[in-house]
Amino acid sequence: MIKKIILIYILTLSYSLIESVEIYGLKDSYEVNIELNGSDKQSIEDGMQKALKNLMIRLTGNIEVAFSAKLNKLYKNPEEYINQYKLISLNEAINAKFFFEGNKLRNFLSDNQLPLLLSKESIIMIYIPCELKSSVNFFDIAERESCDALKENLSTLSKKRAVELTYPLLDFKDLNYLDSLSSVSYSAFMNQTVKRYSLDNWIVCSIRDDFGVILKKPKCISSISNNENNVDHTFNNLVNHINSRNSLVVNKRQKTNSKIYIEGVNDYLILEKVTEELRSQIIVTDLNLVGIEKASVEYELSTYGRIEDLQSLLGVNSNFTQLDNSSSNRLIYKYLEI
């Protein structure tokens, strides 16, 4: 059966890895679009709050943190963090475009020791068995509708959580894995498959139960849990888990002094760029140029938190590459002008 539908399935699925070139959590300004109930003051204020909540899901990387009581103070006065907004009338609907100030929001997170997501967009591989079946069962309307609704839900969640979805090609190699491993478990199949695509995280969602009956709500498993749960719970738990490893929590009660050596500084213009780039890091409180030797520069830094926090920040900055001879006692980076 699998052999017969391979061509159809390959034509309907594509594999695409898109890498974000900008770290979302470190932008100067955040733009959020929201549909409003009206153009009156109350509707606009409600829209501000909704927009800010959606933004904080992306900034903290954790939906539980974004809706926790720790952020109530922030949500009570969302206008304090907006530098401008625009109202747009589109197809009889009123939309608002809010521009939030990045520095103010990051300062709020650091002042309250809340996480700031530093990673680029995560990629999760999705496998939906019903897609394979509905490609052949053209007349099974119920299955096709349930499958389409499932894909739409996953797409909506991915946009909300700033996650990139991708699907296995299901070429002959993938299908061999499916033939041999899916009978054991979908976990075994996906664990083997993601390795091929150099990924770590996956979700499998089914619209039918073990007896083949279509479920009222699809059930999913993920790379961190084989316990079946609904789509929203499985998706958000996995993304929270991924983001927890790539978030920075600034401890302003702790300060660290360190020295950092930057190589690749060949002229005064690059020196200015490096100095400004280091000074702009959200945990840097003081920076002094100690010395210049050939194409390398030495700085003394004072930062909030631990030395590892500074390494995490520079680790997601595409202008800096930590060299092999670097250590926590002697940070050495190469500057790459991009």
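Before moving on, here are some points about what is shown:
- Pair list, Cβ under 8 Å, 6 or more apart: the range 74-103 residue of a type in the set (D, E), other residue assigned to a helix (DSSP H, G or I) and surrounded by 10 or more Cβ atoms within 10 Å (Cβ to Cβ): E79/E45; E79/M48; E80/K104; E101/Y81
- Among the residues of the range 198-222, those identified as closer than 18 Å to I63 by Cβ and either touching a residue at least 24 places away in the same chain (Cβ under 8 Å) or in contact with a Gly (Cβ under 7 Å, 6 or more places away or on another chain) (or both) are N201, I203.
- Positions within the range 93-108 being hydrophobic (A, V, I, L, M, F, W, C) and closer than 15 Å to D28 by Cα, in sequence order: F98, F99, F100, L105, F108
- Pairs linking a residue in the range 242-257 that is in contact (Cβ under 8 Å) with a residue 24 or more places away in the chain to a residue that is part of a strand (DSSP E or B) and crowded, with 17+ Cβ neighbours inside 10 Å, with Cβ atoms under 6 Å and 6 or more positions apart or on different chains, are I242/S122; N243/L117; S247/L117; L248/L116; V250/Y304; K252/Y304; T256/T303.
- Any chance E79 is assigned by TED's automatic domain parsing to the domain that holds G102 and outside any helix (DSSP H, G or I): no
- Qualifying residue in the range 108-131 (condition: surrounded by 14 or more Cβ atoms within 10 Å (Cβ to Cβ), within 30 Å of S280 (Cβ to Cβ), among the basic types (K, R) and within 27 Å of the chain's Cα centre (by Cα)): yes
Every residue, every condition in (1) closer than 25 Å to N246 by Cα; (2) free of Cβ contacts under 8 Å to residues at least 24 places away in the same chain; (3) crowded, with 17+ Cβ neighbours inside 10 Å; (4) in contact with a Phe, Trp or Tyr (Cβ under 8 Å, 6 or more places away or on another chain), yes or no:
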| position | (1), (2), (3), (4) |
| --- | --- |
| V265 | no, no, yes, yes |
| E276 | yes, yes, no, no |
| G291 | no, yes, no, no |
| E298 | no, no, no, yes |
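A quick yes/no check of all residues on (1) of a type in the set (V, I, T); (2) under 19 Å from Q322 (Cβ atoms):
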{"residue": "V194", "(1), (2)": "yes, no"}
{"residue": "D200", "(1), (2)": "no, no"}
{"residue": "V213", "(1), (2)": "yes, no"}
{"residue": "H241", "(1), (2)": "no, no"}
{"residue": "R245", "(1), (2)": "no, yes"}
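- Test: residue in the range 158-172 that is part of a helix (DSSP H, G or I) and of a type in the set (S, T, Y): yes
- Single match in K120, K195 (criterion: within 30 Å of L59 (Cα to Cα), in a loop (DSSP other than H, G, I, E, B) and of a type in the set (D, E, K, R)): K120
- Looking across the range 25-72 at every residue that is among the acidic types (D, E) and free of Cβ contacts under 8 Å to residues at least 12 places away in the same chain, the one that is surrounded by the most Cβ atoms within 10 Å (Cβ to Cβ) is identified as D46.
- Any chance A96 is of a type in the set (A, V, I, L, M) and part of a strand (DSSP E or B): yes
The values are calculated or read from the model by the stated rules, or taken from the named source; none is laboratory data. It should be emphasised that the depicted structure is a prediction, and the values quoted were computed from it without experimental measurement. Cβ coordinates were reconstructed from backbone atoms using ideal geometry, including for glycine residues, and neighbour counts include every protein chain displayed.
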